[in-house]
Amino acid sequence: ALETHNVGQPAYWNNKKSGAAYKVTPVKDVTVGSNKYCREYQTVATINGQQQKMYGTACRQPDGSWKAVK
């Protein structure tokens, strides 16, 4: 979601084992320190019918992976 989706465009997936559903939405492109490839995001997890909202910031690492930094 952080790599391929535009700001405001959610990505969805389900955990088939647990039945949990997730929606991750990039909400803002940001710079953290000297890393210009960072994004704030919102995750909504639906687990056993209960929604939980989480917010964070992740930055793309030199190897192409994303790492949560906040």
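The values are calculated or read from the model by the stated rules, or taken from the named source; none is laboratory data. Since we're looking at a predicted model, the values are computed, not measured. When we count neighbours, we look across all protein chains shown, and the Cβ atoms used for this are built from the backbone with ideal geometry, even at glycine. Remember, those area values only see protein heavy atoms, side chains included, never the ligands or the DNA or RNA. Shrake-Rupley method; radii C 1.70, N 1.55, O 1.52, S 1.80 Å.
Against the definition (at pLDDT below 95 and among the basic types (Lys, Arg)), how does residue 16 come out, yes or no? Yes; evaluated as a whole, the condition is true for this residue.
Considering only residues in region 28-70 that are of a type in the set (Gly, Ala, Ser) and open to solvent by less than 70 Å² (accessible area, probe 1.4 Å), the one that is farthest from residue 3 (Cα to Cα) turns out to be 49.
Checked against the criterion of being in a strand (DSSP E or B) and of a type outside the set (Asp, Glu), the candidates 64, 56 yield just one match: 56. What tally of residues in region 1-27 results from selecting those that are assigned to a strand (DSSP E or B) and surrounded by 12 or more Cβ atoms within 10 Å (Cβ to Cβ)? Residues flagged as assigned to a strand (DSSP E or B) and surrounded by 12 or more Cβ atoms within 10 Å (Cβ to Cβ) within region 1-27 amount to 8.
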